[in-house]
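Student: Questions regarding the structure given below will be posed in turn.
The values are calculated or read from the model by the stated rules, or taken from the named source; none is laboratory data. Here the structure is a predicted model, which means the values were calculated and not measured. No Cβ is skipped: glycine too gets one built from the backbone with ideal geometry, and neighbour counts run over all protein chains shown.
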Amino acid sequence: MKQHGRAPQLRPRNLRKTVVRMFSYFKYNKLLFVGGLILIVLGSLARIGANGMLSPIIDSLVTEQSQALFVKNLVVMGLIVITISIAEYLGNLFMARLAQRTIHQIRTEMFSHVQKLPMSFFDRHSHGELMSTFTNDVDMLNQALEQNASQILISAVTFIGTFIMMLVISPALTAIVVLMLVFMFAATRYVGTRSAKYFRAQQAQLADMNGYIEEMMSGQKVVQVFNYEDRAINTFVDKNERLRQTSTNASTYGVMLMPIMGSLSFVLYGLVSMGGAYLAILGIVTIGNIAAFLQFTRTISRPITQVSNQLNTLFAAIAGAERIFNILDQEPEADQGEVRLVADCSGKNGLCWAVPTEDGIVYQPLKGHIQFEDVDFGYVPGQRVLKNISLWAKPGQKIAFVGSTGAGKTTITNLINRFYEIDKGKILFDGIDIRRINKHDLRSTMSIVLQDVYLFEGTVADNIRYGRLDATDEEVVEAAKLANAHYFIQHLPQGYDTVLTAGGENLSQGERQLLSIARAAVANPTVLILDEATSSVDTRTERLIGEGMDKLMEGRTTFVIAHRLSTVRDADAIMVIENGEIIERGSHEELMQQQGRYYALNTGLVELE
Ligand SMILES: Nc1ncnc2c1ncn2[C@@H]1O[C@H](COP(=O)(O)OP(=O)(O)OP(=O)(O)O)[C@@H](O)[C@H]1O
Ligand SMILES: [Mg+2]
């Protein structure tokens, strides 16, 4: 099982609620569930029956001395054995199918639900944590559904059924067995609780070590750059050694259980044989009875050791299911937007806003006018990142944000497409509050070139087409040309069909940026947000990127976050952001004349050059 770096929590918080919810999934496969249960119970009962048949079979020869009866009993035994095979085969098959279908459904639900969660969810949950639920927890639940649950059921049925059969054969012998079982149960508990402590520690240390391996593997470059290898090895050796010690302790107790139980069952066996022989001499039981009873004695002790092991795994799986349900219970992104975008109309790209009002739907053309009115925002409640932001961009205007790192530039752009909800104020799009606009429609009018480019595994063309899935090959090439990406793409081994690795690691940083500009271009957005990457590229690529961006901006409302002041010079308005506030605004000339922060930034940079 693939472990991600987290010690699994072994006990569910609300056992009953989670189990009930788990059961609710079986309603989609009622036949498998009910059929599986019946077959499994039938199989267990048939096994008990087979053990019980020993008695009449032996007695038909020993006591009755009847060949005919013996043959008849053998035939019954044969039928029972066939029933066992069929019931167990089908029962397990049904349970496996049920588990696979349920897990398939849960996986689909989880993945599609996570797609709809707001950005703030991903801020609160680490990548590793989510991966662990998607892999470990789902795996564990699968195993529990496929095996643990039915094994526990089998154990329970076997135990109860066998016990009843024993009582029927001989209450006196059963008393011996019960006494002995109580003793064995106590021994199991004693060893079990001790080994459980070390077992938990072992799990935690295993997760810790795996997390460390994962971290070091993904950060291998940094490790090597800073000559961290020796220290990494030492830390790993420590973790590995600690794991070995706890595992040793865990197994010391773990391997104790089998021999203890083994010898105790032999004692039990001996006691029952002696007691049985005595009762047989008295004529209370038959030889066949003793044979069957001894067989039952063997089977009844097994469920005791098994159930305690199975229960631990089952509880851990339920705890995992709880984490899965917790994700499914996260509130998806709010979208009450009743304002929709409609085609065949006089607005930009032939689109209009359909605004429902009291007097029916009013159509107004899409223009790309963006306005912030006194907006406050914080990622975490109580921590304001943006304060009193007011600004506007008329259709086709270019607004630039400059300011030091962490000032809040990216944050402003995160609000325009509603990655996050604002705390105070209003953001208007063509005069409509963006909270009233359908989120999908809102985002379809915008393109963002993110600060850190993300490329998916797939071809270059696929990655550009991410901007608009129905773009034709010609449109993809056109977008690449506009973004100045066409040239380098042509020189890739397979051109537009070159397969990129996830993250686009087989491209240079500049090339990745050019691709992301092409991706934005293919969407033909009304509003464009360009978050310039901070990492520097060579001068030629910088010029290519700059030109690509310029062409892309033409005729669109653009917000550009620039770290190179040269790219913002011709903006219609420049906003200087510091500590989440706009401290200066105006054109390049105006701001230079003010000799404030912008002037300082600009001249400082000039001096650097
Ligand atoms: N997802 C987030 N969760 C919590 N806080 C965040 C998140 N993203 C950014 N912040 C915080 O908000 C503040 C503004 O960040 P923002 O990314 O807007 O800065 P920026 O101006 O774009 O900086 P840079 O020039 O480095 O890109 C920072 O203090 C940052 O720590
Ligand atoms: Mg930023």
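Student: From the list Arg465, Arg436, which one is closer than 22 Å to Ser516 by Cα, of a type in the set (D, E, K, R), more than 16 Å from ligand 2 (Cβ to nearest atom) and over 26 Å from the mean Cα position of the chain (by Cα)? Walk me through it before giving the result.
Tutor: Working: Arg436 fails: closer than 22 Å to Ser516 by Cα.
One residue alone meets the criteria, Arg465.
Student: Note down all Cβ pairs under 6 Å where the first residue falls in segment 531-544 and is of a type in the set (Ser, Thr, Tyr) and at pLDDT 75 or above, the second is more than 9 Å from ligand 2 (Cβ to nearest atom) and part of a helix (DSSP H, G or I), and they're at least six residues apart or on different chains.
Tutor: If the second residue must be more than 9 Å from ligand 2 (Cβ to nearest atom) and part of a helix (DSSP H, G or I), the pairs left are Thr541/Gly510.
Student: I'd like to know if segment 404-424 contains one or more residues that are more than 16 Å from ligand 2 (Cβ to nearest atom) and part of a strand (DSSP E or B).
Tutor: Yes, there is a match, as at least one residue in segment 404-424 is more than 16 Å from ligand 2 (Cβ to nearest atom) and part of a strand (DSSP E or B).
Student: Between Gln310, Gln306, Gln364, Gln295, which is away from ligand 1 (no atom under 16 Å from the Cβ), over 29 Å from His113 (Cα atoms) and in a strand (DSSP E or B)?
Tutor: Exactly one residue qualifies, and that residue is Gln364.
Student: Looking at the structure I just gave you, is Asn29 in contact (Cβ under 8 Å) with a residue 24 or more places away in the chain and either outside the structural domain of Met217 (by TED's automatic domain parsing) or over 30 Å from Asn210 (Cβ atoms) (or both)?
Tutor: Here the answer is yes, as Asn29 does meet what is asked.
Student: Within segment 490-528, how many residues are touching a Phe, Trp or Tyr at 6+ places or on another chain (Cβ under 6 Å) and surrounded by fewer than 24 Cβ atoms within 10 Å (Cβ to Cβ)? Show your work before the answer.
Tutor: In the first step, residues of segment 490-528 are kept if they are touching a Phe, Trp or Tyr at 6+ places or on another chain (Cβ under 6 Å); the result is 511, 519.
Still in the running and surrounded by fewer than 24 Cβ atoms within 10 Å (Cβ to Cβ): 511.
Qualifying residue count, segment 490-528: 1.
Student: So which residues in segment 131-156 are among the aliphatic types (A, V, I, L, M) and closer than 20 Å to Phe315 by Cα, if there are any at all?
Tutor: Val138, Met140, Leu141, Ala144, Leu145, Ala149, Ile152, Leu153, Ile154, Ala156, listed by residue number.
Student: Of the residues Gly382, Gly403, only one is surrounded by fewer than 16 Cβ atoms within 10 Å (Cβ to Cβ) and within 13 Å of ligand 1 (Cβ to nearest atom); which?
Tutor: Gly382
Student: Give the residues of segment 53-87 that are of a type in the set (Val, Ile, Thr) and either farther than 30 Å from Ile284 by Cα or assigned to a helix (DSSP H, G or I) (or both), sorted by residue number.
Tutor: Scanning segment 53-87 gives Ile57, Ile58, Val62, Val71, Val75, Val76, Ile80, Val81, Ile82, Thr83, Ile84, Ile86.
Student: A follow-up question, please. Report, by residue number, each residue of segment 563-596 that is closer than 9 Å to Gly403 by Cα and at pLDDT below 90.
Tutor: Correct list: His563 only.
Student: Please go through (1) within 30 Å of Ser404 (Cα to Cα); (2) among the polar types (S, T, N, Q); (3) without any contact (Cβ under 8 Å) to a residue 60 or more places away in the chain for Asn506 and return the number of the only condition it doesn't satisfy.
Tutor: (1)
Student: Of all residues in segment 388-403, how many are within 13 Å of ligand 2 (Cβ to nearest atom) and either closer than 11 Å to Thr557 by Cα or assigned to a loop (DSSP other than H, G, I, E, B) (or both)?
Tutor: Residues in segment 388-403 being within 13 Å of ligand 2 (Cβ to nearest atom) and either closer than 11 Å to Thr557 by Cα or assigned to a loop (DSSP other than H, G, I, E, B) (or both): 1 in total.
Student: Restricting to segment 275-292, name every residue that is in a helix (DSSP H, G or I) and either in contact with a helix residue (DSSP H, G or I) (Cβ under 9 Å, 6 or more places away or on another chain) or not assigned by TED's automatic domain parsing to the domain that holds Leu181 (or both). Write out each step before concluding.
Tutor: Taking segment 275-292 and keeping what is in a helix (DSSP H, G or I), we get 275-282, 287-292.
Across segment 275-292, the qualifying residues are Gly275, Gly276, Ala277, Leu279, Ala280, Ile287, Gly288, Asn289, Ile290, Ala291, Ala292.
Student: Can you pull out the residues in segment 69-78 that are surrounded by 13 or more Cβ atoms within 10 Å (Cβ to Cβ) and under 53 Å from the mean Cα position of the chain (by Cα)?
Tutor: If the condition is that a residue be surrounded by 13 or more Cβ atoms within 10 Å (Cβ to Cβ) and under 53 Å from the mean Cα position of the chain (by Cα), then Val76, Met77 are the ones that fit.
Yes/no per residue for (1) among the charged types (D, E, K, R); (2) touching a Cys at 6+ places or on another chain (Cβ under 6 Å); (3) surrounded by 23 or more Cβ atoms within 10 Å (Cβ to Cβ):
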residue	(1), (2), (3)
Ile412	no, no, yes
Arg436	yes, no, no
Thr445	no, no, yes
Leu450	no, no, no
Lys481	yes, no, no
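Student: I need a count of the residues in segment 217-239 that are of a type in the set (A, V, I, L, M) and either surrounded by fewer than 10 Cβ atoms within 10 Å (Cβ to Cβ) or closer than 18 Å to Glu505 by Cβ (or both). Lay out the reasoning, then the answer.
Tutor: Taking segment 217-239 and keeping what is of a type in the set (A, V, I, L, M), we get 217, 222-223, 225, 232-233, 237.
Subset that is either surrounded by fewer than 10 Cβ atoms within 10 Å (Cβ to Cβ) or closer than 18 Å to Glu505 by Cβ (or both): 217, 222-223, 225.
Count: 4.
Student: OK, next. Could you list, in sequence order, all residues of segment 425-468 that are in a loop (DSSP other than H, G, I, E, B), more than 16 Å from Thr526 (Cα to Cα) and among the charged types (D, E, K, R)?
Tutor: Within segment 425-468, Asp452, Glu457 meet the criteria.
Student: Among residues belonging to segment 545-592 that are within 42 Å of the chain's Cα centre (by Cα) and of a type in the set (S, T, N, Q), point out the one that is nearest to Asn388 (Cα to Cα).
Tutor: Per the stated criteria, the residue is Asn579.
Student: If you don't mind, there's one more thing I want to ask. Any idea which of (1) in contact (Cβ under 8 Å) with a residue 40 or more places away in the chain; (2) within 30 Å of Ala562 (Cα to Cα) is the one Gln383 doesn't satisfy?
Tutor: (1)
Student: Now, a different point. Restricting attention to segment 372-387, does a residue exist that is within 16 Å of ligand 2 (Cβ to nearest atom), assigned to a strand (DSSP E or B) and in the same structural domain as Glu532 (by TED's automatic domain parsing)?
Tutor: yes
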